[in-house]
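**Student:** First the structure, which I've put down as structure tokens, then a few questions once you've had a look.
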Amino acid sequence: MGIRLGPYQPDFPVGTYVRIADVELLRAFQCGWRYHNPLTAEQLPYAGRTVMVESVGFYHGGDELYRLVGIPGVWHASCLALAT
């Protein structure tokens, strides 16, 4: 939740290119996350891809939730990194 910029301020604004975490990190997140918007099995094949942020929303409490261009599902900030 707002690791870089604070609560309700997206770490990756719309139009930013991000890299989806590797499959091991995604699986660990999938197994450990017990709250809203869990990762689904259909999201795992997109591990390691670089893609543009399409939209950003916030869950109550400030958790950032991302939609990515051409990639299904909702993504948590901890599953993404700024693309270089």
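**Student:** May I ask you to give the percent of accessible area on the stretch 10-84 that is carbon plus sulfur, with a probe radius of 1.4 Å?
**Tutor:** On the stretch 10-84, the fraction of accessible area on carbon and sulfur atoms equals 57 percent.
**Student:** Can you show me the helix-derived [θ] at 222 nm for the chain, built from DSSP H runs with n ≥ 4 at -39,500 (n - 2.57) apiece and divided by the number of residues, rounded to the nearest 500.
**Tutor:** Per the formula, -3500 deg cm²/dmol.
**Student:** Return one whole number: the accessible area per residue of the stretch 5-84 in Å², for a 1.4 Å probe.
**Tutor:** Spelled out: the 1.4 Å probe surface of the stretch 5-84, per residue, equals 56 Å².
**Student:** Same structure, new question: Tell me the accessible surface of R67 in square angstrom (1.4 angstrom probe, heavy atoms of protein chains only), to the nearest ten.
**Tutor:** 120
**Student:** Could you compute the FRET efficiency for T84 and R34, with r as their C-beta to C-beta distance and R0 at 35 Å, rounded to 0.05?
**Tutor:** On the way: r = 31 Å, r/R0 = 0.90.
Rounded to the nearest 0.05, the efficiency is 0.65.
The values are calculated or read from the model by the stated rules, or taken from the named source; none is laboratory data. These numbers come from a predicted model, not from an experiment. Methodologically, a virtual Cβ is constructed for each residue, glycine included, from the backbone with ideal geometry; neighbour enumeration extends over all protein chains shown. Side chains are part of the model used for accessible areas, which takes the heavy atoms of the whole protein and leaves out ligands, DNA and RNA. Shrake-Rupley method; radii C 1.70, N 1.55, O 1.52, S 1.80 Å.
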